[in-house]
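The values are calculated or read from the model by the stated rules, or taken from the named source; none is laboratory data. Just so you know, these numbers come straight off a predicted model, no measurement behind them. For neighbour counting, all protein chains shown are included, and Cβ atoms are generated from backbone atoms with ideal geometry for every residue, glycine included. Each accessible area value is taken on the protein alone, full model and side chains, heavy atoms only, with ligands, DNA and RNA left out. Shrake-Rupley method; radii C 1.70, N 1.55, O 1.52, S 1.80 Å.
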Amino acid sequence: MAISQALCTSFKEEALNGIHAFGTTVVRAGTTGDTYKIALYTSAATLDATTTAYSPTNEVSGTGYVAGGETLTVVAPTTSGTTAYLDFNDVTWSTATITANGALIYNSTQGDKAVAVIAFGGDKTSTAGDFTIVFPAADASNAIIRIA
């Protein structure tokens, strides 16, 4: 089993079909941006570009972690040159005792549809401390979600 970093293929198609709303302005009649979450997974998980939805299978468990993960705060989509990108604020599980090998960002508003898989490159552990996901710089070259 493995976790491979990827923008999920199903997300790419769904984005073109207008399923995902990241902005804070009205994007679909009567709505604002969707709610996005991040869930943590053990090394026993299989997550990659073919992942289509959140699943609790092989999700981490431990003190300070609740199944389904944490809600992300979206930093509004923007552009630089010919690249559109978006970012999320960093997220922390406080006083957590967990070991994770990767994570899944998913859209909880739209039926837990997968957005992106993050591979940590190995197990990361916190013991009664903070477990923090630090997202890359919000720019056209590094943002976690980029369309070039």
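Take the alpha-carbon centre of region 114-148, take the same for region 32-87, and report the distance between them in whole Å. For region 114-148 versus region 32-87, the Cα centre distance is 9 Å.
Plainly put, the chain has a radius of gyration that is 0.96 times its Kirkwood radius, both from alpha-carbon atoms, as the Rg/Rh ratio. The relative contact order of the chain comes to 29 percent, based on Cα pairs under 8 Å that sit 6 or more residues apart. Whenever you get a sec, compute what percent of the accessible area on the chain sits on carbon and sulfur atoms (1.4 Å probe). Answer for the chain: carbon and sulfur cover 51 percent of the accessible area. Heavy-atom accessible surface of the chain, averaged per residue, reaches 49 Å², computed with a 1.4 Å probe. Every helix of 4 or more DSSP H residues in the chain counts as -39500 (n - 2.57), and over all residues that averages to -1500 deg cm²/dmol at 222 nm. Most mobile of ALA49, ALA114, ALA84 per a Gaussian network model of the chain (Cα springs, under 10 Å)? Of ALA49, ALA114, ALA84, the Gaussian network model singles out ALA84 as fluctuating most.
With a Förster radius of 30 Å applied to the beta-carbon distance between THR83 and THR46, the computed FRET efficiency rounds to 0.50.
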